[in-house]
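Have a look at the structure below, then the notes.
The values are calculated or read from the model by the stated rules, or taken from the named source; none is laboratory data. All figures in this text were calculated on a predicted structure; none of them were measured in a lab. As a convention, Cβ positions derive from the backbone with ideal geometry for all residues, glycine included, and neighbour counts pool all protein chains shown.
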Amino acid sequence: MESRTREPAAAEGKSDPHPTIFDNGVMLIRKATPQDAEVVREIVRDVYVGEGWADLHATPDYVRSLLDAETRIAQADVLVAELDGGIVATITAADEPPFAHVAQPGELEVRMLAVRAQARRHGVAQALVTACEDIARDRGLERVVLSTDPDMHAAQALYEGLGYQRTPGRDWETGGVMLLTYAKPIQTNHG
């Protein structure tokens, strides 16, 4: 299901302002554009701050980083998932600083997965993580890595279900919170 705004742009020879990564007729995953920054910020704020995963008073720099959607969209691969024409989730993927903290050469780091509460349990998070794996594969990278809060049990179950394995030697601390790391080897398209 291509959106109505894509077909005229293609017909007129213009580049697609919302490059589609995945579209199954129900869910659309695409790269975020600068125009998406406010909704990306809102989703991340609602999930991370609103649900108590990040505290503005205890970790103000981390929260500022979470909410700086404009910089992330400009400097990393920020994906959004749409259901019924509205953005319901986002994820960030990067292979270098400032948004990659544990990625080593040949790795893509996944960060800031956030899904609106009403869109959960519909495969949105899984589709976003899989889209990041596709990005890594297309770039010829060997592995996708990520960090998660020790109390994010649903996220850990998702990652483990997708084949990610714990990498305790890479666990790290930020803002007084020890983050657990995971990695998954990626079969590349480049040989």
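Just so you know, in the range 40-51 the residues that are more than 18 Å from residue 100 (Cα to Cα) and not acidic (Asp, Glu) include one that is surrounded by the fewest Cβ atoms within 10 Å (Cβ to Cβ), and it is 50. The single residue among 71, 59, 130, 90 that is of a type in the set (Ser, Thr, Tyr) and surrounded by 20 or more Cβ atoms within 10 Å (Cβ to Cβ) turns out to be 90.
The set of residues in the range 138-181 being of a type in the set (S, T, N, Q), closer than 14 Å to residue 104 by Cα and in contact with a helix residue (DSSP H, G or I) (Cβ under 7 Å, 6 or more places away or on another chain) consists of 181 alone. Return the only residue of 89, 125, 103, 114 being in a loop (DSSP other than H, G, I, E, B) and in contact with a strand residue (DSSP E or B) (Cβ under 8 Å, 6 or more places away or on another chain). Testing whether each residue is in a loop (DSSP other than H, G, I, E, B) and in contact with a strand residue (DSSP E or B) (Cβ under 8 Å, 6 or more places away or on another chain) leaves just 103.
Just one of the listed residues (32, 37, 54, 76) is surrounded by 15 or more Cβ atoms within 10 Å (Cβ to Cβ), closer than 20 Å to residue 156 by Cα and small (Gly, Ala, Ser), namely 54. Applying a threshold of 8 Å to beta carbon distances and a minimum spacing of six or more residues, or different chains, the list of pairs starting in the range 161-172 at a residue that is in contact (Cβ under 8 Å) with a residue 60 or more places away in the chain and surrounded by 12 or more Cβ atoms within 10 Å (Cβ to Cβ) and ending at one that is outside any helix (DSSP H, G or I) and of a type in the set (Ser, Thr, Tyr) reads 170/181; 172/147; 172/181. Within the range 1-29, restricting attention to residues that are β-branched (Val, Ile, Thr) and exposed (fewer than 14 other Cβ atoms within 10 Å of the Cβ), the residue that is modelled with the lowest pLDDT is 5. Of 57, 101, all but one fail to be at pLDDT 90 or above and more than 13 Å from the chain's Cα centre (by Cα); the exception is 101. Residue count for the range 121-165 satisfying the condition of being more than 15 Å from the chain's Cα centre (by Cα), farther than 20 Å from residue 181 by Cβ and not small (Gly, Ala, Ser): 5.
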